[in-house]
1. Which pairs do you get when a residue that is over 16 Å from Leu62 (Cα atoms), found in region 18-37, comes within reach of a residue that is open to solvent by 70 Å² or more (accessible area, probe 1.4 Å) and part of a loop (DSSP other than H, G, I, E, B), reach meaning Cβ atoms under 9 angstrom, with the pair 6+ apart or on two chains?
2. Restricting the search to region 27-43, which residues are open to solvent by 90 Å² or more (accessible area, probe 1.4 Å) and not in a helix (DSSP H, G or I)?
3. In region 71-98, what count of residues is obtained for those that are β-branched (Val, Ile, Thr), within 24 Å of Trp37 (Cβ to Cβ) and open to solvent by less than 60 Å² (accessible area, probe 1.4 Å)?
4. Looking for whichever is in a loop (DSSP other than H, G, I, E, B) and of a type in the set (Asp, Glu) here; the options are Asp75, Asp24, Asp66. Which one fits?
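The values are calculated or read from the model by the stated rules, or taken from the named source; none is laboratory data. Note that this is a predicted model, so its numbers are computed, not measured. Here Cβ is always computed from backbone atoms with ideal geometry, including for glycine, and neighbour counts include all displayed protein chains. Calculation scope for accessible area: heavy atoms of the full protein, side chains included, ligands and nucleic acids excluded. Shrake-Rupley method; radii C 1.70, N 1.55, O 1.52, S 1.80 Å.
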Amino acid sequence: GAGAWATVSDVNRKEHFRDVAGEDVLAKIARLPVREWSYKAQHPSIRHLGPTAQDFFAAFGLGESDTTITTTDIDGINLLAVQALERRTAELREKAAQVAALEARVAELERRLAALEATPRK
């Protein structure tokens with residue numbers, strides 16, 4: 001009665017874990033050709049969007065073949081990319097707050113300088 005595919009992802013059925021740098025994944029995604037296409041067996045009016053398995057395998061080296069992309073692998077790439085983008089967003093928010101504080105400080109210093117310059121000299 002379910003309406004979704006389930007992929008085995010139990011930690012007890014996996015091994016040889018290693019971390020992957022999100023920024024590296026984003027760089028590979030940026031170079032990955034993502035195009036619109038049709039399967040040869042379908043009518044040309046039926047369109048799809050995504051990379052070819054060959055390009056995906058060349059970029060990431062994931063999966064068992066260079067002719068298929070598993071949902072596990074592309075979902076993992078997408079999740080890691082989202083995490084990397086969230087880190088970038090947090091860093092940009094922090095930098096924006098720092099810039100706003102510096103702008104406020106500069107405005108205060110400019111106000112004080114203008115007041116000093118307007119003071120008559122003896």
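1. Glu36/Arg47; Trp37/Arg47
2. Result: Arg35, Glu36, Tyr39, Lys40, Ala41, His43.
3. 2
4. Asp66
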